[in-house]
Amino acid sequence: MSPAMLRVGLIGLAGLAGVLGGCESLVVDAVPVAAVDVVPSTVTLLEGEEISLSVVLRGPGGETLGGREVMWSTGNPEVATFPAPGLLRALAHGETLVSVRSEGVAGTAPVRVQLGPRIAVDSSRVEWRVQTGTLSPDERRIRVTNAGGGLLSGLAVSVLPQNGGAPPSWLEASLLAPQAPTDLEIRARADGLASGRYEGRVLVASTEARNSPVEVQVVLEVLDADPRIGLSPSSVAFAATAGSFEPASQSIQVTNPGGGTLGGLQVEVRYPSGGPTGWLTAQLQGTAAPTEIVVEALARNLPVGSHRATVRVISPVANPDTAEVEIVFNVSAPATLATEGRARFILANLSPMPSLLP
């Protein structure tokens, strides 16, 4: 009897050999792998996602084979890789091929890795400039969106100093919602802070985002308050008799209720249009506060009535750069001892003086 040539799979070979035990000789050829099918045949993942793949080995007649060794690999391990047999992990945006090889036969499946969730902010820097004594500058809002694919959730925010140390107590931040899109609110408290530059960082993070955390730089500059012109009193009133040669004199105090140094002081006198001028003088006793202004009003050439003027103080470093004091000068008619008739009566009743001549 000729040797029997049988092609069978590996499964059931022992039993088949027993059946054919009466033959003179037995040659068994394993059914070769003719095709490798990867399941699923195409793969689309987001960055960071994983999927379990399977493989179907087929013989020349399309029959399913088992018990064979297979090797898993990807064309670009920077895009996707196999941390374990059959477990595909997406690493970075791009495309590659999965290759499954058995007995020299390979099957492939295209893999597309899409961008995963990514944190995006519409501003990466917030700055304030305030003067000392300011309680809180305006709140700033930054829009937080998902610049990638999928759902960006699990958002959290933290406040950190610029260069290590404890979190800055002057800086606060919060999110309106834990998923994008949302708003990041940043607040600064300037009360009690000395003049200077303060820096901090706000971090927006999510375990789902590939670019987490995203940083927002925060700068708060606290400046000395601008100098300000303070005048006391705010108005001055004079009274005199028409024709008087004696000037009326008063003082106006000049102070700086603001910050810094109030210098470069100048003074000028202004009169309303159409009225008498030249009756008021203002002498500044110094060009830096504190100082005073001596004002004098002269009624010699003024008619009877109420006259007004303004003393204006100017400083190029003050904010605002001018301040004024209103001056009112009430000029009255001179007092008379008697009317003309009364004067004649007195003269008529005067006793003649005795002659001193012999």
Inset, instruction - Taking the Cα centre of the chain as origin, sum charge times position over the Cβ atoms of Lys and Arg (+1) and Asp and Glu (-1), and report the length of that vector in debye to the nearest 20. - result: 960 debye
Inset, instruction - Sort the following peptides by mean Cβ neighbour count (other Cβ atoms within 10 Å, averaged over residues), highest first: 293-299, 93-99. - result: 293-299, 93-99
Legend entry - Computed P(r) (all Cα pairs; the range 230-332; 5 Å bins; percent): 3, 13, 25, 22, 15, 11, 7, 4, 1, 0
Legend entry - Computed magnitude of the charge dipole of the range 156-310 (debye, nearest 20; Cβ of K, R +1, Cβ of D, E -1): 340 debye
Inset, instruction - Once you have the Kirkwood Rh of the range 119-223 from its Cα pairs, apply Stokes-Einstein at 20 °C and 1.002 mPa s and quote D in µm²/s. - result: 151 µm²/s
Legend entry - Dipole of the range 60-169, positive direction: furthest Cα of PRO161, GLN114, GLY61, with charges on the beta-carbon: PRO161
Inset, instruction - Report the far tail of the P(r) of the range 35-114, meaning the percent of Cα-Cα pairs longer than 22 Å. - result: 21 percent
Legend entry - the range 157-286 - Kirkwood radius from inverse mean 1/r over Cα pairs (Å): 20.9 Å
Legend entry - When the chain is reduced to its Cα atoms, the Kirkwood hydrodynamic radius in Å: 31.3 Å
Legend entry - Extension gain, GLU326 back to GLU103 (0.36 nm per residue minus Cα-Cα distance, nm): 69.6 nm
Legend entry - Selection from SER124, THR145, PHE82 lying farthest towards where the dipole of the chain points positive, charges on Cβ: SER124
Legend entry - By average C-beta atoms within 10 angstrom, highest first, the peptides 231-240, 307-316: 307-316, 231-240
Inset, instruction - Whole Å is fine, so just give me how far the alpha carbon centre of the range 262-293 lies from that of the range 95-138. - result: 66 Å
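Only the coordinates and a few stated rules stand behind these numbers; no lab work does. A quick note: this is a predicted structure, and the numbers were derived from the prediction, not measured. Note: ideal-geometry Cβ built from the backbone for every residue, glycine included; neighbour counts use all protein chains shown.
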